[in-house]
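Have a look at the structure below before the remarks.
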């Protein structure tokens, strides 16, 4: 192996523009002299990742990660220093001058680089099989062409074929000097308990999976036989985490940013056919349930997602959970239902780009309307079933993090389902607070687990008394709850102090006499009914004083305050005379 010389390194560093480099992975918006986007290194809904073109650096003000273009690529793609330099050299078309590496330098080459290298070899091997072997052309290429995939799309997505031989790839890779260890660790080959090694994907058409930067990190293989599993996928490895990857994102990322929208489908062929028809801002979850990691990946490029479903009602209901996950991330969701008998692949094959765009624009609907129509179908005359559907819809609204958006959907939900918006709002807010409470409790438990782990795993033995003292020094759950709930308790107190004495409604006593109910009385009664107390002592004390004051008339309160002022005046005079 060879090492990049110093002159080439300097040319790469001089050419690399931080905005251009980061924009390949994060959707940036200009803010004054800087750029801002969602941090790719941790989960966030409010952009805190700042990129400075003049300083040629990036920085997240929440998690602290960032640095130069090289630092960013190293951290984001988990590359070594020289891997990151090679990546930037390819991006800026800089010719790399290298010298032979010493034995020590060769030993230091990362395992990750070796796995990526063997995957890259397999990619080219499968492509060659498809185009240059009789079986590849007769079986693999014929399959793609019969499915309506043209040569341009085959090259764009680097499609290939694995021959119906147990060790075709294994022998080819070993003959080129690739270590069998990495063929097994990437999942390209399987080793049995008896020690036999064979190709995982034999006899299958191949769909390579790329990282955002264009590295091939996994494969999906589809068989054309009927007596075996239709799809086989690469197992998770050091370079491939399925829950953090979306098929087609490498090819779609620029179109997603351009259109400020991501279209989400299910399978490989759906993505390829949509791209071929001219709709390129399309990605797939590769037939698996949508994950938080995949959703955060989409959110780095856009806030808008359109989910396409085919006409299978059972499949739609099973997939509705993914909509709630998208909503919880703060994304704006629309849903498109295709005609019966069509999926994105077949529908795209039958329509031109303009027809597809027109159909999407005319038929994509808000998630609330879609979910309501799907779930209410057939249960409108069953009150119990209808109430379950309404609760399901309310739960979806409750996961939305933005309070304004939540409120808009509460109003729309009450209108569509003909329910009092106050009832909907109460239930949504209750579910929202329960969810926030669970998230907060989970964070506390994780923090407590880390604390205990730190205490248990110290090198020096810790005495029980010292360990107990260490735990005691950590913030208690009560303290954490108080800090977390403070903003919400302040919100309640703000209503009390501003509107507490206003009349909310009219009620009746036991004798049927009308009585006025003030805002503060209603809030106090609701807190008692739910057995809720303020966790912050200062807020609790202020609330109690407000309750006392509310029981007095203005004249009584004024008289009481005057008496207090007179006593304070007398004490000041007495102190002055002494």
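Odds and ends about this structure:
- Contour excess over end-to-end distance, with Cα ends at residue 369 and residue 573 and 0.36 nm allotted per residue: 66.3 nm
- Multiplying each eigenvalue of the alpha-carbon gyration tensor of segment 110-240 by 5 and taking the square root yields semi-axes of 23, 17, 13 Å, largest first, rounded to whole angstroms.
- Projection of the Cα convex hull of segment 1-160, averaged over all directions and equal to a quarter of that hull's surface, yields 13.1 nm².
- Full-extension gain in nm, residue 426 to residue 561, via 0.36 nm per residue minus C-alpha separation: 44.9 nm
- Cα gyration tensor category, rounded, prolate or oblate, for segment 163-244 with a/c compared to 1.5: oblate
- The relative contact order of segment 110-240, computed from alpha carbon pairs under 8 Å that lie at least 6 residues apart in sequence, is 25 percent.
- Cβ-to-Cβ counts within 10 Å put 24, 270, 146 in ascending order as 146, 24, 270, the fewest first.
- Order of 118, 399 - criterion: other Cβ atoms within 10 Å of each residue's Cβ, fewest first: 399, 118
- Förster radius 30 Å - calculated FRET efficiency between residue 434 and residue 501, Cβ distance, rounded to 0.05: 0.45
- The ranking of 324, 439, 135 from fewest to most other beta carbons within 10 Å of each one's beta carbon is 439, 135, 324.
- Between residue 194 and residue 52, the contour length at 0.36 nm per residue exceeds the alpha carbon distance by 45.5 nm.
- Take 76-83, 343-350 and order them by the average number of nearby Cβ atoms within 10 Å per residue, most first; the result is 343-350, 76-83.
Each value in this text was obtained by applying a stated rule to the coordinates, not by laboratory testing. Model, not experiment: these values are computed from the prediction. So basically every Cβ, Gly included, is an ideal-geometry build from the backbone, and we count neighbours across all protein chains shown.
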